1. Go through the residues of the range 46-54 one by one and say whether even a single one is buried (at least 16 other Cβ atoms within 10 Å of the Cβ), in contact with an Asp or Glu (Cβ under 8 Å, 6 or more places away or on another chain) and modelled with pLDDT under 95.
2. Give the residue, chosen from Gly422, Gly435, Gly462, Gly492, that is part of a loop (DSSP other than H, G, I, E, B), at pLDDT 85 or above and surrounded by fewer than 20 Cβ atoms within 10 Å (Cβ to Cβ).
3. Look at the range 154-207 and say how many of its residues are in a loop (DSSP other than H, G, I, E, B), among the aromatic types (Phe, Trp, Tyr) and over 22 Å from Ala87 (Cα atoms).
4. Within the range 502-539, take every residue that is closer than 23 Å to Gly563 by Cα and among the acidic types (Asp, Glu) and give me the one that is surrounded by the most Cβ atoms within 10 Å (Cβ to Cβ).
5. Looking only at residues that are of a type in the set (A, V, I, L, M, F, W, C) and buried (at least 18 other Cβ atoms within 10 Å of the Cβ) in the range 557-577, which one is farthest from Gln505 (Cα to Cα)?
6. In the range 114-141, what residues are in contact with a Pro (Cβ under 7 Å, 6 or more places away or on another chain) and outside any strand (DSSP E or B)?
7. Taking the range 307-329 on its own, how many of its residues are crowded, with 19+ Cβ neighbours inside 10 Å, in a loop (DSSP other than H, G, I, E, B) and not acidic (Asp, Glu)?
Amino acid sequence: MRFVRRIFLLCLFLWPLWRVPCSRCQVVLNEILPDPEGSDAGREFVEIYNRSPRAVSLAGVGFQFANGADDPSWLTRWTGAAGDSLAAGGWFLLADHNWQGEAAPDAQCRLGLQNGPDAVRLVRGDTILDLVGYGPLTEGSFYEGNPASVAPGLALARRPDGSDTGDNAADFRLVAPTPGQANFLDYKLDLEAWRCEPPHADRPGRILNVHATLLNSGLRDLTAGHLLLECEARLDEAEVTDLVSGREVNLQWEITTAGFGRHPLTILCPLPETGDTLAVGLGALQVGGGGLVLNEVQPAPADGQGEWIEVANGTGQALDLESFSIRDEDGDWRPLPEHRLLSGQLVAVAQDSAALRGWIRDNADHHDPALFACGQGEALVLGCRSWPALNNAPPAGRAFADRFYLADSCGVVVDHLTLGPGCGSWDGVPIPDRGQSLERVASSAADSMVSHWIPCSLGSGGTPGCPNSFTAPPAPGPGLGVTSRILDRRAGPTSLGLSLMVPEQGTGFRMLIFDLWGQRVRLVGGDDLGPGLRIRYWTGDDDEGRPVSAGGYILVGEVTGPGGQIRSRERLVVGVR
């Protein structure tokens with residue numbers, strides 16, 4: 001009996017070492033994807049890793065699965081054949097039947113993994129080589145140390161490959177799947193978040209601040225230095241301290257937009273020793289119009305009207321409205337309703353379409369001059385399934401009340417409007433009196449360069465689905481024209497209407513403001529759209545959106561020909577007070 005008791009105590013002492021002999025394991029479960037995006041079939045995989053300095057045979061090694069909701073019951077899903085082996089530091093990819101991944105699997109079987117709480121293990125005969133439990137397990141024989149976390153679409157991956165401390169929770173991280181490859185690279189930067197302030201530039205010459213949060217998900221630290229932001233083939237620097245592995249860093253660049261169009265933003269990080277460069281794509285910045293533009297916004301409606309916006313098609317072709325999305329500063333993206341918007345057309349999108357149609361009828365019946373003459377505003381009102389309710393006062397910790405975003409199908413912000421007093425930004429617009437909309441000062445749906453917004457001047461307070469209420473300058477004869485030679489910020493007018501007729505032989509135009517010393521103050525407009533009348537507005541700001549000083553200024557209108565050469569140039573002197 002004494003001998004039997006000694007044997008029992010010895011077995012009890014050696015049981016954990018026999019059950020999971022981590023220090024002697026040559027092969028371990030390195031990466032597991034139990035809950036892929038979409039259907040699990042054909043997407044699940046298990047990666048086995050060889051920690052030893054020499055090749056090992058997998059012949060007779062079994063991969064087993066257990067349902068953590070049941071009593072311990074292990075089901076063998078795969079057993080290594082005579083020819084299965086692993087090179088030193090190599091991976092063996094065991095994939096589900098009908099594998100749909102790009103990486104070539106080393107073997108396939110019906111994995112049938114579940115999404116947790118569950119467990120998997122490697123065995124050779126009665127010896128457990130490795131054990132991994134995931135999800136809220138309670139049975140201790142299902143995991144080492146503590147069970148690992150699990151999340152849809154993410155793989156459980158050791159960091160670094162093969163690392164095994166005997167604690168599943170400490171050894172495994174939730175990451176994007178990397179079947180048949182290293183789980184973590186020596187040098188890698190992940191984009192956690194980014195934003196541009198303001199989020200879209202209405203014209204070239206604007207100064208914008210780009211903010212980004214990066215995570216050093218690589219295994220090695222990156223030394224202090226600078227990171228470059230590439231935009232329009234220009235590079236801007238941001239100084240950084242050491243990028244420590246596993247930590248985040250916040251970065252900021254100040255950039256000046258140069259040309260119209262869509263410009264990708266990419267962070268470039270020169271690597272020490274290797275001479276290579278890490279590239280992290282942020283997204284794209286839109287300068288100028290992106291097809292659809294905000295034309296009118298009602299942020300503070302009268303009772304029974306509801307919030308609404310008006311959008312305009314500024315392209316030469318029809319647009320599918322549902323390919324664009326809207327959101328406010330604090331909300332999620334919401335798709336616009338289905339509608340085919342022809343070139344130059346307007347349409348109102350309402351929080352409550354029935355209420356807005358009733359409001360249009362009431363005001364048109366009372367002979368509101370714009371709504372009565374338009375006669376079609378009610379027909380051009382669409383409802384939106386989900387609406388981003390707008391704040392009319394700044395919440396705690398924010399200088400502006402709200403911001404309305406418009407993005408295209410690629411998620412690129414193509415237009416925006418910042419609302420609220422005291423925002424301190426060049427693109428901020430005070431919220432008007434209750435029941436009064438904000439109208440974009442623009443001569444046509446295509447005029448997205450103009451960022452100046454004014455309250456609607458009609459008694460009704462808005463023109464949904466109809467042309468805006470401001471008065472455009474009269475069409476001039478040949479040459480350059482202006483509505484007034486004086487811009488008076490107190491008595492008015494507070495904006496000058498500028499016009500230029502591009503003749504038949506012209507292909508485009510530019511309007512510019514210079515001071516009396518010949519320094520350029522503002523690019524007011526320009527395009528290459530052929531002959532025709534161009535109308536723009538100047539509100540007395542410079543290229544950075546700051547009010548100019550009182551004094552005299554020179555308005556220059558240029559007609560351009562093929563290749564951008566100047567065919568004619570005219571000048572007018574205007575004053576600001």
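The values are calculated or read from the model by the stated rules, or taken from the named source; none is laboratory data. Here the structure is a predicted model, which means the values were calculated and not measured. Here the Cβ positions follow ideal geometry from the backbone for every residue, glycine too, while neighbour counts run over all protein chains shown.
1. Scanning the range 46-54, I find at least one residue that is buried (at least 16 other Cβ atoms within 10 Å of the Cβ), in contact with an Asp or Glu (Cβ under 8 Å, 6 or more places away or on another chain) and modelled with pLDDT under 95, so the answer is yes.
2. Working: Gly422 fails: at pLDDT 85 or above; Gly462 fails: surrounded by fewer than 20 Cβ atoms within 10 Å (Cβ to Cβ); Gly492 fails: at pLDDT 85 or above.
Among Gly422, Gly435, Gly462, Gly492, only Gly435 is part of a loop (DSSP other than H, G, I, E, B), at pLDDT 85 or above and surrounded by fewer than 20 Cβ atoms within 10 Å (Cβ to Cβ).
3. 1
4. Result: Asp527.
5. At the first step, the residues of the range 557-577 found to be of a type in the set (A, V, I, L, M, F, W, C) are 559, 566, 572-574, 576.
So of that shortlist, the ones also buried (at least 18 other Cβ atoms within 10 Å of the Cβ) come out as 559, 574, 576.
Working: Val559: 9, Val574: 28, Val576: 34 Å.
The qualifying residue farthest from Gln505 (Cα to Cα) is Val576.
6. Within the range 114-141, Gln114, Asn115, Gly116, Pro117, Gly135, Pro136, Leu137, Glu139, Ser141 qualify.
7. Residues that pass the stated criteria total 2.
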